[in-house]
Structure formats: structure tokens, C-alpha cells
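Here's the structure, in C-alpha cells; my notes come after.
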Amino acid sequence: MSSRLWLESYWSCGSWHLATIEGHEVFDQSQAIPAVIKCLGALQSGSGVCKRCHCVLPHGLSVYSADIDQAFEACDNNSVGKAWAWASSAFISSYNSSSTQVRRGRQFAVGHGTEGWSRGWWVISMTQIQAALVASAASTFCALGDVVLQLRGMSIGGSLSSSAVAVHLAFEESTAFDSERLAAIGFQNCGIADVQWCRYVDDILSFSRTLCSRCLSVIFSTLYSEKLSEVYSSDLALGNPCNWLLFEFHIRGPHLAWT
Ligand SMILES: [Zn+2]
């Protein structure tokens, strides 16, 4: 079975799961603006003061953007199996099915469930996808003469590397609102109405109406095991545009305008 087939199968599961449960990943740039609108619509209004540090929020909307540094190289090979176990568990509870279907051809097609699919469809289980991801993540060997070494991180260009990194990052994001984690970094009673974000591969764009952008940066710098490079912080760059993907955003009071 080709690696492309596995990859399509993963993406079908990943996008279903991540889109329907608590996903933050934008899989297609055409969905970037709808994702931003959805984020803004899910935020609760604030009192004008940051819930964590009590600084004044001058414009009613905080924006923080960052890149995840070297996401492939920093992705822990050993974390991929655990991350997929989490994703597949959520998929099974959502769809009451432990397999996905993929039809090969000029255009791939995907589905879920175990019935109603005709000849030409492959049925691929969550367990099979896990085995493929774990094996792919572990295949980072290089040879120096007779010495064989295994490199840390995912191999760039590996057939399943981007899938493995995506599910690894999504797994990390699933812990964002863990109350013990948040309490340890000074956040009380903080949840999805306070912080919303979307991510395209390794580019994060986050929003809040109740926290300042500096406090947003604390949430994300402690959420990912990878290091972040800050791209934009509205507290520090008021009046300047924020660039994310192909878009330029401007804060207009409590609203966001984009070009
Ligand atoms: Zn703050």
C-alpha cells in the first residue's frame, strides 16, 4: 500500500477529528478567514482589564502570533504514537467507528464507517495508521561507515512526517485548558471563551478579549514543547498590522479588519 494512501487516510481522520471536536488546525488556506471569524465569535467580552496581570486592555481585543520553531526537527519521535492514540480515541467516540475508508484513483476520496462502501475502497483501521505513523517517525537513521545512528525529530520530506507533526501539535494543544497547567502559570478560571487560536502548519494566530497579548504569549510558550518565535503582539505593536499567512490584519477597536 502506498505511503500516499496512508497519508490521505490520516488527513481524512485528522481533519474530521480536529474540525469537529476541538481542532485548531487550518488545513487549507481558503479556510483561514472563516477560522478567524469563528475564533472571534467564540470569545467572551472582557471588562477592559486583563484577567491574569490586571493591565488595562486598550482596544478590547488582544492578538498574538508566533511561529513554532523547527517543528519537524523538534517533534519528538517517541511522542507520535501517544498523540495518535489520543486522536484515534476521539475519532472513535465521534464516529462510532475505528476505521476509515479511502478510494484510490485520480482523485482520492475518503469516508468513515464500515458499511455502504463499494469495491475499490480500502478500509484502514486506526491501529494500522498508528503503526504507520510510529514506524515512519522512527525511520530517521543515518550511517557513518558501519555505525548506524538515529536522529531526533521528524525527517523533513518523509512521507508521513507532516501528518506526524500535525497530530503531535494537536495533541499538545489538547492540554491547553488543563486547569492544573493553567494554575501553575498564573491563570485562574481561563477557558475557551478567553482564548481562541488557529494554526496553519506551524503558524499560530491567537485572540482574547479578556487577556492581554503578553499573557497570551505565556499560554502558548508553555503549551508547546517546541520553542516559539514571536511574530506579533498587539500590546507591543498597537497600530501596526499583523501578518498571518497571506493576510494582513488590523485591530479596529474590538474588531479585526483584514486585507
Ligand atoms: Zn495580561
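Separation of region 234-259 from region 39-90 is 18 Å, based on Cα centroids. For the chain, what is the relative contact order in percent, using Cα pairs closer than 8 Å and at least 6 residues apart in sequence? Taking the mean separation of contacting Cα pairs over the length of the chain, I get 32 percent. Each principal axis of region 3-258 carries a Cα extent, and these read 59, 52, 36 Å when sorted largest first. Quick one: plug the Kirkwood hydrodynamic radius of region 140-182 (C-alpha pairs) into Stokes-Einstein at 25 °C, 0.890 mPa s, and report D in µm²/s. Translational diffusion coefficient: 191 µm²/s.
Where a number appears in this text, it was derived from the coordinates with a stated rule and is not lab data. Since this is a predicted model, take the numbers as computed values, not measurements.
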